[in-house]
Amino acid sequence: AFAVPAAVYMLQEQEVHAAEMERTFIAIKPDGVQRGLIAEIISRFERKGFKLVAIKIVVPSKGFAQKHYHDLKERPFFNGLCDFLSSGPVVAMVWEGEGVIKYGRKLIGATDPQKSEPGTIRGDLAIVVGRNIIHGSDGPETAKDEIKLWFKPEELVSYSSNAEKWIYG
Ligand code: ADP
């Protein structure tokens with residue numbers, strides 16, 4: 001048998017670790033972009049220890065917004081919501097980390113900013129439900145679907161960071 005050099009072994013371990021990590025789709029909606037909150041929002045995910053693996057700024061078409069929110073098509077606010085999402089630039093991102101789907105929702109706060117706790121993104125930075133500045137996938141299935149809708153596979157970057165061993169031990 002061949003001895004595997006320690007450095008190679010560690011690299012493989014890191015790659016495996018990165019490949020198994022959970023991912024979620026996060027979008028800063030047009031209100032968040034126009035209000036200059038991009039860095040503020042990114043910083044909250046980054047400081048927590050989550051890793052940014054995809055990012056772009058786009059103006060979604062109304063049809064695209066309808067696809068993104070297809071689950072809500074029966075709701076009375078659906079049309080206004082899709083008009084709004086397609087009204088200007090959106091920052092689309094994929095964040096990676098242990099428990100990022102559920103904890104990302106915690107960082108974001110309740111849908112209605114009046115009910116979001118202080119300390120959450122919506123609690124600290126928004127007031128009304130129709131202008132709640134950020135979207136985050138609500139579960140593993142929607143995360144997978146939304147990442148696929150917004151990004152091509154080659155736009156997702158897998159990498160390991162040296163901070164990981166300090167974040168995860
Ligand atoms: P979340 O974004 O927290 O996952 P939902 O999936 O229920 O919440 O709704 C999607 C988006 O639709 C919300 O973020 C909000 O922008 C908008 N929305 C939800 N409820 C209302 C409402 N009653 N009136 C206007 N807009 C709403």
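Of all residues in segment 141-169, those being within 12 Å of the chain's Cα centre (by Cα) and under 18 Å from Glu98 (Cα atoms) number 4.
Can you find a residue in segment 112-123 that is closer than 14 Å to Ala27 by Cβ and either in contact (Cβ under 8 Å) with a residue 24 or more places away in the chain or over 14 Å from the mean Cα position of the chain (by Cα) (or both)?
First, the residues of segment 112-123 that are closer than 14 Å to Ala27 by Cβ: 121-122.
From what is left, the residues that are either in contact (Cβ under 8 Å) with a residue 24 or more places away in the chain or over 14 Å from the mean Cα position of the chain (by Cα) (or both) are 121-122.
Yes, segment 112-123 has at least one match.
Evaluate the following for Asp31: is it among the charged types (D, E, K, R), modelled with pLDDT of 95 or more and not in a helix (DSSP H, G or I)?
Details: among the charged types (D, E, K, R): yes; modelled with pLDDT of 95 or more: yes; not in a helix (DSSP H, G or I): no.
Criteria not met by Asp31.
To keep it simple, each residue is scored yes or no on (1) assigned to a loop (DSSP other than H, G, I, E, B); (2) free of Cβ contacts under 8 Å to residues at least 24 places away in the same chain; (3) more than 14 Å from the ligand (Cβ to nearest atom).
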residue	(1), (2), (3)
Leu52	no, no, yes
Lys56	no, no, yes
Gln66	no, yes, no
Pro76	yes, yes, no
Asn79	no, yes, no
Phe84	no, no, no
Ser87	yes, no, no
Met93	no, no, yes
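Considering segment 114-169, the residues that are open to solvent by 90 Å² or more (accessible area, probe 1.4 Å) and more than 21 Å from Lys51 (Cα to Cα) include one that is nearest to the ligand (Cβ to nearest atom), namely Arg131.
Among the residues making up segment 50-98, those that are within 19 Å of Lys144 (Cβ to Cβ), open to solvent by 40 Å² or more (accessible area, probe 1.4 Å) and not acidic (Asp, Glu) are Leu52, Ile55, Lys56, Phe64, Lys67, His70, Leu72.
The values are calculated or read from the model by the stated rules, or taken from the named source; none is laboratory data. Worth saying up front: this structure is predicted, and the values here are computed from it rather than measured. Note that we place each Cβ from the backbone using ideal geometry, even for glycine, and neighbour counts take in every protein chain shown. For the accessible areas, the whole protein counts, side chains as well, though only heavy atoms, and no ligand, DNA or RNA atoms are used. Shrake-Rupley method; radii C 1.70, N 1.55, O 1.52, S 1.80 Å.
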